[in-house]
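Structure, as structure tokens:
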Amino acid sequence: MTKILLFNEPGFLGPDFNKDIVGITMGISQERLYSAYMQGIFPWFSEDDGEPVVWYSPEPRFCLRMEHFHAPKSVEKFLRKTPFTYTFDKDFSAVIHGCRKMSRPDQRGTWIGNKMIRAYETFHQNGFAHSVEVWHNGQLAGGFYGVLIGSVFFGESMFTLESNSSKSAFVLFAKTFAKCGGKLIDSQVYTENIARYGALNISRDAFLRLEREYLPKPLEKNLKEEFEKAASQKT
């Protein structure tokens, strides 16, 4: 899956479209999904409202460079005595469905429709999309999923059923990701949740430069193995 399918330049579709939109398609093929991430693009649309697949490359881009990452002391303290169990790629389907069901302020419906779920579950089977699960007494308490290419993790969505579940999982993941040689976590657009860890808005061009540098660089260690090791130690 190395062929790169080109999208339009931002703003190319004209004044009737959001300037961050670079393409509109009817489907999400695996080749196009991979090509999109290699070009700093991702799908974001409302299937509930009957929209086609809309592809975005936002300006500015909100991301976390790992040298800027810092974990709040409260989360570090929680991790030392957490009641949760953390896993990696144990149940991707449950996580993406959990994200789909999560209600969010000022958002009607969900952007994770059946088309997105099918595409990312296949992307997971192809080794690109990954999930982190949080368990409490054998039940899923939270989690998140995203796409890993090279030393860049593209965060897609997160859900929380129990307080501190996904927050602590993200800190555990970010620390492990950095230890494995990870360089960049993409959060796409600004969120207060990720801002607390050191994420910043940067220009689209700056983000694409970072992509060109980091996408070809594989991680130095096995992320799943290192995450599971860190989860067992909870430090």
Candidate cut points under GluC sites (Glu not before Pro) in the stretch 146-235, DSSP loop plus at most 16 other Cβ atoms within 10 Å of their own Cβ, are E162, E220
Once you have the Kirkwood Rh of the chain from its Cα pairs, apply Stokes-Einstein at 10 °C and 1.306 mPa s and quote D in µm²/s.
87
Measure off 7 Å from each Cα along the Cα-to-Cβ vector at E220 and K101, then give the distance between these two points in nanometres to one decimal.
4.1
Accessible surface of I112 - all protein chains present, 1.4 Å probe, nearest 10 Å²:
0
According to a simple spin-label model (label point 7 Å from Cα along Cα-to-Cβ), what is the distance in nm between N126 and E213?
2.8
Can you give me the long-range amide H partners of E133? Hydrogens built in the peptide plane at 1.01 Å from N, cutoff under 5 Å, separation of 5 or more residues or another chain.
T87, F88, D89, K90
Shape category assigned to the stretch 104-220 from the gyration tensor of Cα positions, a/c cut at 1.5:
rounded
Report the chymotrypsin sites (Phe, Trp or Tyr not before Pro) located in the stretch 170-235 that are in a DSSP loop and have at most 15 other Cβ atoms inside 10 Å of their Cβ, or state none.
Y190
Just the number: Rg to Rh for the stretch 1-136, Cα atoms, Kirkwood Rh, two decimals.
1.01
How far is helix 92-101 tilted off the main Cα axis of the chain, in degrees rounded to 10, range 0 to 90?
70
Cα pair count fraction exceeding 18 Å, expressed as % - the stretch 185-235:
55
Multiply the residue separation of S74 and Q30 by 0.36 nm, subtract the distance between their alpha-carbon atoms, and state the gained length in nm to one decimal.
11.9 nm
Quotient of Cα radius of gyration and Kirkwood radius for the stretch 119-171, i.e. Rg/Rh, equals 1.02
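The values are calculated or read from the model by the stated rules, or taken from the named source; none is laboratory data. None of the values given here were measured: they were computed from a predicted structure. In this analysis, Cβ positions are derived from the backbone assuming ideal geometry, glycine residues included, and neighbour counts consider all displayed protein chains. Heads up: the accessible areas ignore ligands, DNA and RNA and are worked out on the full protein's heavy atoms, side chains in. Shrake-Rupley method; radii C 1.70, N 1.55, O 1.52, S 1.80 Å.
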